[in-house]
Amino acid sequence: MGDLLGLLSFGPDGWGDEIAAGTWLTIRLAAATLPFGLALGFVVGLARNANAPWLSVPGNLFATVFRALPELLTLFIVYYGGQYLVQWLVSFFTDTYVEINAFVAGLVALGLVFAAFASEVFLGAFRSIGRGQYEAAAAVGLTPFQAMRLVIVPQLIRYALPGLANLWLVLLKETSLVSIIALNDLLRQTSVAVGATKEPFFFYLVACLIYLAMSIISTFGLVAIERWSERGMKR
Amino acid sequence: MSQLELLGRYGPRMLEGLLVTIELVAISVALGALISLPMALARLSSNPVLRALSLGYTFFFRGTPLLAQVFLVYYGSGEFRTFLESIGLWWFFRDAFYCCLLTFTLNTGAYQTEILRGAIRQVAAGQTEAAYSLGLSRWQTMLKIVLPQAVLLGLRPLGNEVILMIKGSAVAAIVTVFDLMGATRLAFARSFDITVYFYAAILYFILVETLRRVWNRVERRLSRHIRRSTA
């Protein structure tokens, strides 16, 4: 057992620093995906909530497609497809070979999936806000944009938070898929350690425990945010 | 290579892969359902050991990535090869398909435990009280009164779980299982044609959408006696 724990030490003999670096990349990727996914999800939710079919139809299509495809497939399509697309665009100007950044590909793919599910959450939240709110906002002379910003969104956050909190926990786990496109996240660094030490069970168990720890810490944070969002409500 | 040639060469393999995907998901969801019943009951029991056991199980499998779980079982079992050989189970863990089946079963079992537990708790307490007052035992109450209603309540989230499993099962391709994703990866590695991924996307989409629509129909049909309005 002492030998195994020695493998986790930091420095040239242990894999502790490599795994810590991988964990840090996983956190960075998830944290970078969140704002992109939230913003896109909000826009798609808004489009799906609209009466105009030219907005709601593409919105619904986007959400249906990216909720149905395996995250891994979306990642491959963004990664390889993005490579083709960028190469094709660049070929108009120069002959140099460009390689698409795996981090960006992971961010876009995970963000698209996150947005599709988040739009569902936002749509539900929009529907739980009564029409009277819009009418009252218009009656006091707010423009539609002001009404959205000052009246609807502050209430929306409270309705949407539980659903979005779940999506964050899902996102945290799904970042593990980027290990397949050679991004050095927690799972990939663990695999590298396994390749060198031939201790697969121990290292993958450690990786699982780190994911668990990240979920637990997130849960505490999410509970705090939820409490904050309900600060104005009667208990 | 033309698209027709591409489909002619790799299409049959991808359809075979689709069948493997369906097989993986169907078996693991069914076995997961068998796990979920005792686990949900353990979670709701008054025995703290049983409760902790069930909580630990669902916590681990819901809190870690499916891909990491697959690696843990598939690569991790290699470390215990001599032991597994001695008890005659090595043939099982040597095979990536069986490893995925085992991991997926345990994974979906954990999610289904949560679904069933939530559904059981949703059944109104009055139902249990009424059953007790009629003289039914605890087991009779659970089996004849609470569970039939809970299963109905759990149908909708279970449908979502099956869809998540179909999507999640794509990670089997990473450990060399030739499911739809695995067959597509092979086709891409040989043809370098990105469109094979789009064909795979269409197949996954059809599979998920068909299941979703059929499941909604079935759920509506089965719960029509408790539907309050037509909405």
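The values are calculated or read from the model by the stated rules, or taken from the named source; none is laboratory data. The model shown is predicted, which means the values in this text are computed figures rather than measured ones. Virtual Cβ from ideal backbone geometry, glycine too; neighbours counted across all protein chains shown.
Worth pointing out:
- Among the residues of region B:177-214, those identified as within 16 Å of A:R67 (Cα to Cα), out of contact with any Lys or Arg (no Cβ under 8 Å at 6 or more places or on another chain) and either buried (at least 16 other Cβ atoms within 10 Å of the Cβ) or aromatic (F, W, Y) (or both) are B:F198, B:A200, B:A201, B:L203, B:F205, B:L207, B:L211, B:R212.
- For region A:174-192, taking the residues that are facing chain B (nearest Cβ under 9 Å) and either in contact (Cβ under 8 Å) with a residue 40 or more places away in the chain or in contact with a Gly (Cβ under 6 Å, 6 or more places away or on another chain) (or both), the one that is surrounded by the fewest Cβ atoms within 10 Å (Cβ to Cβ) is identified as A:I180.
- Any hit, region A:27-49, residues being within 14 Å of another protein chain (Cβ to nearest Cβ), touching a Ser or Thr at 6+ places or on another chain (Cβ under 9 Å), surrounded by 19 or more Cβ atoms within 10 Å (Cβ to Cβ) and more than 18 Å from A:A165 (Cβ to Cβ): yes
- Test: residue in region B:63-71 that is polar (S, T, N, Q) and under 16 Å from B:V175 (Cα atoms): yes
- Options A:A105, A:A125, A:A137: the member that is under 22 Å from A:I152 (Cβ atoms), in contact with a Phe, Trp or Tyr (Cβ under 7 Å, 6 or more places away or on another chain), of a type in the set (A, V, I, L, M) and modelled with pLDDT under 95: A:A125
- Breaking point among (1) surrounded by fewer than 22 Cβ atoms within 10 Å (Cβ to Cβ); (2) assigned to a helix (DSSP H, G or I), for B:S46: (2)
- Among the residues of region B:51-96, the ones that are at the interface with chain A (Cβ under 10 Å from one of its Cβ atoms), in contact with a Phe, Trp or Tyr (Cβ under 9 Å, 6 or more places away or on another chain), in contact (Cβ under 8 Å) with a residue 60 or more places away in the chain and among the aliphatic types (A, V, I, L, M) come to 2 in all.
- Pairs with Cβ under 8 Å, 6+ apart, first in region A:193-205 and in contact (Cβ under 8 Å) with a residue 12 or more places away in the chain, second surrounded by fewer than 20 Cβ atoms within 10 Å (Cβ to Cβ) and among the polar types (S, T, N, Q): A:F203/A:T197
- Cβ-Cβ distances below 9 Å connect the following pairs, each with a first residue in region A:80-99 that is in contact (Cβ under 8 Å) with a residue 12 or more places away in the chain, a second residue that is of a type outside the set (F, W, Y) and not in a helix (DSSP H, G or I), and a separation of six or more residues or different chains: A:G82/A:I100; A:Q83/A:V98; A:Q83/A:E99; A:Q83/A:I100; A:Q83/B:I194; A:V86/A:V98; A:V86/A:E99; A:V86/A:I100.
- As for region A:53-67, it holds no residue that is of a type in the set (V, I, T), in a helix (DSSP H, G or I) and buried (at least 19 other Cβ atoms within 10 Å of the Cβ).
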